[in-house]
Every structure is written in structure tokens, then in C-alpha cells.
Amino acid sequence: MSRGVVATASYEARKFGVHSAMPTRTAHKLCPDGIYVRPRFDVYREVSKEIMDIFLSYSEVVEPLSLDEAYLDITHLVSWERTAKSIALNIQRDIYEKTRLTSSSGISYNKYLAKIASGMNKPRGTTVIHYDNAMEILKAMPIGKFPGVGRVTEEKMKSLKINTGEDLYNWSEADLVREFGKRGTSLYQKARGIGTNELSVGRVRKSVGKETTFDHDMNEDEYILKVLEALSHKVSDNLDRRQFAGRVVTVKLKTHDYRTHTKQMMTTNPIFTGGEIFHYAYNLYHEVKQPEEPIRLIGVTVSHLEERSYRNLTIYDFL
């Protein structure tokens, strides 16, 4: 067994005591029959980008934390008819359909509680922490499960008889500051479910797109165009949620031999409706598609985005 550390461990391996950052030799002693694979970071980055694109199709406000984790603000999507949990389940469905990877999600009114919720029912869990159940969950939590409480801090807390969130809740802010310095205020707030809901967003959305991979290579124009039309309307829905319009439409094809072809066109005016997008996509498809060449993937993207204003609206029919 070569020298190194465990980057991550499956749930099956964790039952043997294997965990991330553990020396590989130690992991092999604990789980000698385990399957050990070398990391493929190029693949991870590629899949991570696919998942981040799914996140961005729902919300412009996305704060990536790592290759496999991010905060999303979906407040603008929630309504009486559409709950935050249903939106989270839709995102998980899209991730699985696109990548065949399962995911877990945590939903709450601030980042700190969302982080806790995301780890409560892994794998494939969807957990909501709201105002009515937050304190019950926090008070019952082992202190080591609180985000930001590392092993050293956990040991010190236990020496002070702080074993659960309820124990932490019973300490005053002044006493926590005396024992833990500046971190004391943060611990005091965490015990009460207080945290920020501001996300750090470092990028501006430049395009909105949708694509799909066929189960088998396709060459039937009528069917492919129906799929392209459906994708155009999905792009329109995403633009509509953000009140954006775009000036460039791009159609992407991937052929049976994995070659990618794209064709784009600048529109006369900013567009956002499904009909407008498909109008351009239809023409682009016929320009880029080779009659005798089956395809395995098709996609449509609208770029050069701008906020909508009434002077930019293109109305085809109001009847």
C-alpha cells in the first residue's frame, strides 16, 4: 500500500472506521478488503462544473464551497404553491439525471443551519430546519457535530461539561468569551441558531443553457427538434425567473463519435420567450446538423444577458 491519505471514504468503508485525511496504510489495516482508487481530479472538476451549472439554472446566487458543495439562495423561487423542499428535490433530480450522482441537501433560513441540515440524513437526504424545529435540533446535537467545532475545541468543551447543544445554550456569552476568546460570541450565537444568510458570490451569470444526452444516437429531425423546442422553453423558464433576456442563441451538437459542433446567431433584439429562442435554435440546428450523422447530445444556450426592460421586450402575440 503506497503512502498517502484518504481523500474520502464511502459509507460502507466508514463502518470500518475509515475517514478522510486518514493515512492510507491505517485505512488498509482497518479495511483490508476495501477498493482503493487513485483520484481523478480532472474528472471531478468536469462533473463539478456540470453540477454548478445546474445550480446556476435555478439561482444566480450560488456560493461554491468545494468541488462537491455549494450554498444556493432560492428565496425568489419559493411560493405558497412551491416549497423550498420541492425545489431542492428537483435540483437533486436534475443532478442525478445529468451525472448519475446522488446528493443531499439542507434547507434553512441561514447558512449555518443549512450546513447542519445537509449532513443530517446522508446519503440522498433532504432536510429542512425551520424556525419551529431549529432549537429542538440544536439542543439535541452532540457538540462535536456543530460546524466549526474541531477536535481540540470539542475536547475542551467536554472538559467543561459542554456535551450537547443544550449545554452550550446554557452558557452565557461572557463566560464563553472568557473560555474561548473571540470564538465565544460565535459559539453563543450558534447555540441559538443565529447565523448569516449572505452568500459570497464571485461570478456573474453570462449565459443560460440546457442540454440533454439521448439514450442512443439519434438522427430523426422531427424528434430531435421536439427535444430542442422543449429545451428552449426550459431556458426561457430560467431567464424568466431571473428577469433576464439575451442577444445570442447557440445550438450545440455532439455527434456519435463524440465530436462537438456549435453554431450561434445574434438576435435583432434581446429575447427570452421559448418561442423566440426556438425560432433561432431551429434555424441554427439545420445549419450545423449533418443529414447523415447521428447525434448523441443536443443543447441550446442564450448568452449576452441583460436585465429586461420594457423597451427591450419583443411581443409576438397578446391574444
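The values are calculated or read from the model by the stated rules, or taken from the named source; none is laboratory data. Keep in mind that what you see is a predicted model, and the values were worked out from it rather than measured. Please note: Cβ atoms are built from the backbone with ideal geometry, for glycine as well, and neighbour counts cover all protein chains shown.
Go through the range 31-65 residue by residue and tally those that are in contact with an Asp or Glu (Cβ under 7 Å, 6 or more places away or on another chain) and either in a helix (DSSP H, G or I) or exposed (fewer than 11 other Cβ atoms within 10 Å of the Cβ) (or both). Break it down into steps so the answer makes sense when it comes.
Within the range 31-65, the first condition is being in contact with an Asp or Glu (Cβ under 7 Å, 6 or more places away or on another chain), and the residues that meet it are 48, 54, 59, 61.
Filter once more, keeping what is either in a helix (DSSP H, G or I) or exposed (fewer than 11 other Cβ atoms within 10 Å of the Cβ) (or both): 48, 54.
The number of residues fulfilling the criteria is 2.
Check S200 against each of (1) closer than 30 Å to E136 by Cβ; (2) touching a strand residue (DSSP E or B) at 6+ places or on another chain (Cβ under 7 Å); (3) modelled with pLDDT of 90 or more and name the one condition it does not meet.
Unmet condition: (3).
Return the residue satisfying two criteria in turn: it lies in the range 226-251 and is hydroxyl-bearing (S, T, Y) and either over 23 Å from the mean Cα position of the chain (by Cα) or farther than 19 Å from I87 by Cα (or both), and of such residues it is surrounded by the most Cβ atoms within 10 Å (Cβ to Cβ). Step through it out loud before you land on a result.
Within the range 226-251, the subset hydroxyl-bearing (S, T, Y) is 232, 236, 250.
Then keep just the ones that are either over 23 Å from the mean Cα position of the chain (by Cα) or farther than 19 Å from I87 by Cα (or both); that gives 232, 250.
On the way: S232: 25, T250: 20.
The extreme case among them is S232.
Only residues in the range 98-112 that are within 17 Å of L77 (Cα to Cα) count as the first member; pair them with residues that are hydrophobic (A, V, I, L, M, F, W, C) and assigned to a loop (DSSP other than H, G, I, E, B), Cβ under 9 angstrom, at least 6 apart or cross-chain, and list the lot.
Sorted first by the residue in the range 98-112, then by its partner, the pairs are G106/M120; G106/I129; I107/I74; I107/I129; S108/I129; Y109/I129; N110/I194.
Could you identify the single residue in E293, E276 that is surrounded by fewer than 15 Cβ atoms within 10 Å (Cβ to Cβ), in the same structural domain as V235 (by TED's automatic domain parsing) and at pLDDT 90 or above?
Working: E276 fails: surrounded by fewer than 15 Cβ atoms within 10 Å (Cβ to Cβ).
After ruling out the rest, the residue left standing is E293.
Within the range 8-30, which residues are assigned to a loop (DSSP other than H, G, I, E, B) and under 17 Å from K122 (Cβ atoms)? Reasoning before the result, please.
Let us first name the residues in the range 8-30 that are assigned to a loop (DSSP other than H, G, I, E, B), namely 8-10, 15-22.
T8, A9, S10, K15, V18, H19, S20 - these are the residues of the range 8-30 that are assigned to a loop (DSSP other than H, G, I, E, B) and under 17 Å from K122 (Cβ atoms).
Here is a check on your reading of the model: is S104 in contact with a Lys or Arg (Cβ under 9 Å, 6 or more places away or on another chain), at negative phi and surrounded by 14 or more Cβ atoms within 10 Å (Cβ to Cβ)?
On the way: in contact with a Lys or Arg (Cβ under 9 Å, 6 or more places away or on another chain): yes; at negative phi: yes; surrounded by 14 or more Cβ atoms within 10 Å (Cβ to Cβ): yes.
Yes.
With respect to the numbered conditions (1) charged (D, E, K, R); (2) at pLDDT 90 or above; (3) farther than 30 Å from T212 by Cβ; (4) in contact with a strand residue (DSSP E or B) (Cβ under 6 Å, 6 or more places away or on another chain), which one is the sole condition not fulfilled by K111?
Among (1) charged (D, E, K, R); (2) at pLDDT 90 or above; (3) farther than 30 Å from T212 by Cβ; (4) in contact with a strand residue (DSSP E or B) (Cβ under 6 Å, 6 or more places away or on another chain), K111 violates only (2).
Starting from the range 282-298, keep only residues that are within 14 Å of R259 (Cβ to Cβ), then list their pairs with residues that are among the charged types (D, E, K, R) and assigned to a loop (DSSP other than H, G, I, E, B) whose Cβ atoms are within a distance under 6 Å, requiring at least 6 positions of separation or different chains.
If the second residue must be among the charged types (D, E, K, R) and assigned to a loop (DSSP other than H, G, I, E, B), no pairs are left.
Quick grid of which residues meet (1) outside the structural domain of E46 (by TED's automatic domain parsing); (2) farther than 30 Å from L297 by Cα; (3) in a helix (DSSP H, G or I):
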position: Y71; (1), (2), (3): no, no, no
position: H76; (1), (2), (3): no, yes, yes
position: S79; (1), (2), (3): no, yes, no
position: S86; (1), (2), (3): no, no, yes
position: I91; (1), (2), (3): no, no, yes
position: Y96; (1), (2), (3): no, no, yes
position: Y112; (1), (2), (3): no, yes, yes
position: K115; (1), (2), (3): no, yes, yes
position: N121; (1), (2), (3): no, yes, no
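Quick grid of which residues meet (1) out of contact with any helix residue (DSSP H, G or I) (no Cβ under 8 Å at 6 or more places or on another chain); (2) on the phi > 0 side of the Ramachandran plot; (3) aromatic (F, W, Y):
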| residue | (1), (2), (3) |
| --- | --- |
| Y258 | yes, yes, yes |
| H261 | no, no, no |
| M266 | yes, no, no |
| I271 | no, no, no |
| Y282 | no, no, yes |
| H286 | yes, no, no |
| I295 | no, no, no |
